[in-house]
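Below: the structure, in C-alpha cells.
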Amino acid sequence: MSIYFKNMDVVVPGDVIAEGDFKIIEGAFREHKKIIASIIGILYFKKNTIRVVPLKGPYMPKRGDHVIGKIVDCSTVSWSVDIRAPYLGRLDATDYFGKPIDPSREDIRKTLKIGDIIFAKVAVVDRFTNPQLVAHGPALGKLIKGKIVEVEPLRIPRILGKNRSMIKMLREVTKAEIKVGNNGRIWIRSPDPEIEKLLIKVIKKIERESHVPGLTERIRKTLLNELKDRLGEFK
Amino acid sequence: MKEIDESKLILIDSNGIRTDGRRWNELRPLRIRVGILDRAEGSALVEMGKTKALATVYGPKEMFPKHMANPDRAILRAAYRMATFSVEERKKPQPSRRELELSKVIKEALEPAIMLHYYPRTVIEVYILILQADGGTRTAAINAASLALADAGIPMKGLVTAVAAGRVGDQVVLDLNDVEDKYGDADLPVAMIPATGEITLLQMDGTMSSDMFERALKLAIEGINIIYERQRDALKRRFLELKEKILGGEFYASRD
Amino acid sequence: MLPEIKRSILSSLEKSTMYSLLKDGKRIDGRNFYDIRSIKILPSIIEKAEGSALVYLGNTKVLAGVKVSLARPFEDMPNQGLFVTGAELTPVASPAFELGPPSYFSIELARVVDRAIRSSEMIDLEKLVIIPGEIVWMINIDIYPLDDDGNLIDASMLAVIAALMTTEIPKAEITDLEKGKVNVIKDEKRPLPLVDLPISFTFAKIGDYILLDPSSTEENIMQNRLTIAINNKGEICSIQKGEGGGFKFNEVIIAKNIAIEKVNEVRKLVVNQLAKNPRGPNAWEYI
C-alpha cells in the first residue's frame, strides 16, 4: 500500500492517489490496484479510506436533504421545481397539502405560482425518475417575503457550522428567520431590511473566509459590532 | 492573398530548425487559463503557439427533447466552431463539413473520459470556439474542453490531452503549425487519457511508413505527457485558491 | 419550454426585492438607474484579424474581429468601399443560445450595430476605393459574445468600434488599371480611415423605471428595451426599440437625454483605454 499525496492536497481527475486496498468513499475510482481521482477536490485519508471532497460541481439531491426550490412549471396535480440540480424536482399536490386533492375542483396554480419559492425535503431519489419532494410538515412549505442567498452547495456545511453552531448563532443574534437548503440556497427573513442586508453580507463572508479557528465567534463579534449602533438591546 | 511557392518552402533547415525556430521534438509555447468565464459552468482557454481554443461546458442538465435522453447515462454533446476571423481568409459563419466532422471526433475523444453513468437522463454540453487557427486546432480544442469539463466539476477518469505529430520529408515532427500542417507530408493528431493510457482520438492524413508511424505516435505521446503536466498545474492553480477559501476543520467532520 | 428558460425564471422573492429597491432608486447590483457597469477593452488580440478587441461590460464579454479583403463595389456606388457586420450568438456565451441558423436576436444585434456605424459614417468608405467601379476594400466585422451577463448590444457596439480603431489595411498597388489588377502588399499598412465614434446606450424598462445598461437579471424581467446611438456631433445616429412592451413619450426623451449626457464620458474612456491598455496576443494574460 502506497500513497502518493498528502492529506488535504488538491487532486485533479486522473491523479493516481494511491495503490493498494483502500476503501473509496467518493471522488475516486479503482483501476486495477491504482486509486485514481475522478474530480477536482481535496483529498482526505482516514485509516484506510480515501475520499476526494469536490471543490465545485453540480448539486446531486440525496434523500433527506432540505432544499429551497423555485416553482417553474405546473400541471393539474403537480409542480416542477428548480432545485439547482441536473433534474427538476417534482412536488405532487398531495405532498404539499398533506391530503389528496381533486383537480377537477381545485386549481393548484392558485396555491403555488410560477416563481414561488418553497422549502422542501427530498423524499425519493432514484436513477429513473426526477427527485420527489415533500413540502408539508413542520417548517416546510411556501416561503413568503425574505431574501435568498446562493452559495456553492458544497459550502453549506460551513454555513451550518459544527453541530449547526453557526446557524444557531446567526438566528440568536439577528432574531431573523433562516432556512438552509443543501442545494446552496439560504433563505432569510427579518422585519428589518438592514438585518437582511447584514445577513447576506455575513453569509457571503462565511462562504469566502478561509479556515480561521473559531470562525463562529469571529462572525458573532462582527455581527454584534454592526448591530450595536442599530439596536440598543444587543450586547 | 497569401501565396506560398511550395518549391521554395523550407520547413526544416539544414540545422534542423523549423519555420518557427523549434527543433523536431519541441512543442509550441503553451498557455492555459481555466475558469475565465462567468456564465458557463466550466471554461478554459488553451493557446498552442498562435492557435487559441476557448471551451465552455454546461450541465449535466435535463435533456431536451426528453425522448433523446438515455435512461442509463448522460449524453455528451460537443460542437466545434471557428470564428470567422480566426484564419487568413475570412471563414463563412455557417459550419463547414470539416467543423461538423471535428465536432464528432472531439466528442468521441472526450466521451471515454467522462463518467456519464453518474447522471442518467441528462446532457452535458461542450462548446468550442477557435478564436485563432494556426494548425492543431482540434488538439487545442480537446485540451481546452477536458479542462472546462474538470472545471465544471464533472467526474472523469482523467483529463484528455492531445497533440499532433507528423512528417516533414524524412523527419518526424511534433505539434505541427499551420505551414507544416498544410505543406508537410503527414499529420497525425492524437488524443489520450494519460491516466489510463487510452488513445481516444487518432486521425491521419498524408503518408507515413510503418516504422515512421510508430515513431510519430511515440513522439505524440511524449508531447501529450508534457502538456498533461501543464494542464494539471493550471487546474490546480485555479483550485488552490478555492481550497484556501473553503478549507476548515469543520468541513470534513460535518459533511455526513 | 426549454429547461434553460425555466431556470431563468426570476423568483417571486427576487422580483419583489428588485421592485422594492427600484422604489428607493437602487438596482439589485447596487447601481443607480443610469450607471454603466465598468468597461475594459483589450485591443488587437487576434493577430490573424486585421482588427480586433475584447470588451468587458461588467461580466459581459464580447470579442469583435475585422477581416479586410478585396471586393467589387456595388454598381450604384462605384466610389465606396464596403462593410458588413455579422454576429454569432453561440452557446459559448450563454446556454440560452443555440447552434443552428442565426436567431432573430443575432440578426437584430448585428443590424443595430451596423446601422449606428453606417448612419454616423464612422468609416470613410471613399478612402477604401482602389479602382473606382472595379476594386474596393471590403470590411467584414464579426461579433462573438463570449459571456452574456446582459446588454450584449452596447458591449458589441464598444467591441466593434474598438476593433475598427485597431484595424489596419494593407497597401494595394494597381498593376493593371485596364484589367483591374492589383497587388496587395501585406507588410505596408495604414490605419482604417475613421471619421466618427458612435456610442450606443441601451435602456431597459422594468415597471415604470428606466435603467441604463441592464444586467441579465434585469433583462429577465424587463418589458422592453431602447437603444440609442450618438455620434461625435451629439446627433442621434441609430435607434432600436426591442421586446414586447411599450414606451411613453417622456420615457423616450429621458433615455435620449441620458445618452447625450453620457456619450462624451464613454467615448473618452474608449479612446483612453485603447491608448494605454495592454494590446496584442499577450493581452490574453489580462483576461
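The values are calculated or read from the model by the stated rules, or taken from the named source; none is laboratory data. Predicted, not measured: the structure shown is a model, and the values here were computed from it. Here the Cβ is made from the backbone with ideal geometry for all residues, glycine too, and neighbour counts use every protein chain on show. Note: accessible area is taken over every heavy atom of the protein model, side chains too, but ligands, DNA and RNA are not part of it. Shrake-Rupley method; radii C 1.70, N 1.55, O 1.52, S 1.80 Å.
The spacing between region C:184-199 and region C:20-70, judged by their C-alpha centroids, is 22 Å. Contact residues in region C:38-62 (at least 30 Å² less accessible area with all protein chains than alone, 1.4 Å probe): C:I46, C:E47, C:K48, C:K61. Heavy-atom accessible surface of the protein assembly as shown, averaged per residue, reaches 43 Å², computed with a 1.4 Å probe. Please state, as a whole number in µm²/s, the translational diffusion coefficient that the Stokes-Einstein equation yields for region C:1-75 at 4 °C and 1.567 mPa s, with Rh defined as the Kirkwood radius across alpha carbon pairs. Approximately 78 µm²/s, per Stokes-Einstein. Of the solvent-accessible surface of chain A, computed with a 1.4 Å probe and all protein chains present, 52% belongs to carbon and sulfur.
If the Kirkwood radius is taken over C-alpha pairs of chain C, then at 20 °C and 1.002 mPa s the Stokes-Einstein diffusion coefficient equals 107 µm²/s. From its DSSP helices (H runs of at least four residues, each -39,500 (n - 2.57)), chain C gives a residue-normalised ellipticity at 222 nm of -9000 deg cm²/dmol. Taken about its Cα centre, chain A carries a charge dipole of about 600 debye when Lys and Arg each add +1 at the Cβ and Asp and Glu each add -1 at the Cβ.
The fraction of all Cα pairs in region A:147-228 landing in successive 5 Å bins from 0 to the largest distance is 3, 15, 31, 29, 17, 4, 0, given as whole percents.
Quick one: buried accessible area between A and B, total over both chains, 1.4 angstrom probe, nearest 100 Å²? Its buried surface, counting both partners, is about 4300 Å².
Entry note, chain A: the mean residue ellipticity at 222 nm calculated from DSSP H runs of n ≥ 4, each adding -39500 (n - 2.57), is -6000 deg cm²/dmol after division by the residues and rounding to the nearest 500. For the residue pairs C:K26/C:K61; A:K142/A:K221; C:K48/C:K179; B:K182/B:K218, the C-alpha atoms sit more than 28 angstrom apart in A:K142/A:K221; C:K48/C:K179. Counted over region C:107-214 with a bin width of 10 Å, the fraction of Cα pairs per bin, in whole percents, is 12, 36, 27, 16, 6, 3, 0. The distance linking region A:97-137 with region A:33-76 is 24 Å (Cα centroid to Cα centroid, whole angstrom).
Local charge sum around A:G137 (other residues, Cβ-Cβ under 10 Å, Lys/Arg +1, Asp/Glu -1)? Neighbour charge sum, excluding A:G137 itself: 0. For region A:143-157, a decrease in accessible area of 50 Å² or greater in the assembled protein chains relative to the isolated chain, with a 1.4 Å probe, applies to A:R155, A:P157.
Derived scalar couplings between HN and Hα for region C:269-283 equal 4, 4, 4, 4, 5, 5, 6, 10, 6, x, 10, x, x, 6, 4 Hz in order, rounded to whole Hz, by the Karplus curve 6.51 cos²θ - 1.76 cosθ + 1.60 (θ = phi - 60°), x for Gly and Pro. Apolar share of the accessible surface for region B:1-96: 50 percent from carbon plus sulfur atoms, 1.4 Å probe. Ignoring ligands, DNA and RNA, please state the percent of accessible area on chain C from carbon and sulfur, probe 1.4 Å. About 52 percent, which is the carbon plus sulfur part of the accessible surface.
Evaluated at 25 °C with a viscosity of 0.890 mPa s, what Stokes-Einstein diffusion coefficient in µm²/s does the protein assembly as shown have when Rh comes from the Kirkwood expression over alpha-carbon pairs? It diffuses with D of about 85 µm²/s by this estimate.
When peptides A:67-76, B:129-138 are sorted by average Cβ neighbour count within 10 Å, with the highest value leading, the order is B:129-138, A:67-76.
Note on C:Y286 and A:K99: their simple-model spin labels are 6.8 nm apart, each label 7 Å out from Cα toward Cβ. Projected label points at C:K276 and C:K171, each 7 Å from Cα along the beta carbon direction, are separated by 3.5 nanometres. Is the shape of region A:2-54 rounded, prolate or oblate, going by the alpha carbon gyration tensor and its root eigenvalues a ≥ b ≥ c, with a/c under 1.5 for rounded and a/b larger than b/c for prolate? Rounded. Going from the isolated chain to the complete set of protein chains, region C:125-147 loses at least 40 Å² of heavy-atom accessible area (1.4 Å probe) at C:D142, C:Y144, C:L146, C:D147.
Is the shape of chain A rounded, prolate or oblate, going by the alpha carbon gyration tensor and its root eigenvalues a ≥ b ≥ c, with a/c under 1.5 for rounded and a/b larger than b/c for prolate? Judged from the Cα gyration tensor, chain A comes out oblate (a/c at least 1.5, b/c at or above a/b).
For chain C, the longest principal axis of the C-alpha atoms and the axis of helix C:104-119 are separated by about 60°. Could you work out how far the C-alpha centroid of region B:40-85 sits from that of region B:179-229, in angstrom? One Cα centre to the other: 24 Å.
Helical runs (DSSP H, four residues minimum) scored at -39500 (n - 2.57) apiece and divided by the length of chain B put the mean residue ellipticity at 222 nm at -10000 deg cm²/dmol.
Counting 0.36 nm for each residue step from B:L202 to B:R230 and taking away their Cα separation leaves a gain of 7.9 nm. Remark: accessible surface ordering of C:Y209, A:Y87 (largest first) is C:Y209, A:Y87, probe radius 1.4 Å. Evaluated at q = 0.09 Å⁻¹, a Debye calculation over the C-alpha positions of chain B (equal weights, vacuum) places log10 I(q)/I(0) at -0.43. Pairing chains A and C buries close to 1000 square angstrom of accessible surface in total, based on protein heavy atoms and a 1.4 angstrom probe.
In this simple spin-label model, placing a label point 7 Å from the Cα along the Cα-to-Cβ direction at both B:K182 and C:D124 gives a separation of 3.3 nm.
Computed from Cα positions, the angle between helix B:210-246 and the longest principal axis of chain B comes to roughly 40 degrees. Summed over both chains, the area buried between B and C is near 3500 Å², taken from the accessible surface of protein heavy atoms with a 1.4 Å probe.
Electrostatic bookkeeping for B:P120 treats Lys and Arg as +1 and Asp and Glu as -1; over the other residues with beta carbon under 15 Å from its beta carbon, the sum is +2. For B:W24, the accessible area of its heavy atoms, probed at 1.4 Å with every protein chain present, is near 110 square angstrom.
Annotation: amide H of A:V124 within the under-5 Å range of A:Q132, sequence separation 5 or more or interchain, hydrogens built in the peptide plane. For chain C, the longest principal axis of the alpha carbon atoms and the long axis of helix C:152-166 meet at an angle near 30°. Please report the net charge: other residues with Cβ closer than 13 Å to the Cβ of C:K205, K and R +1, D and E -1. Charge balance in the 13 Å sphere: -2.
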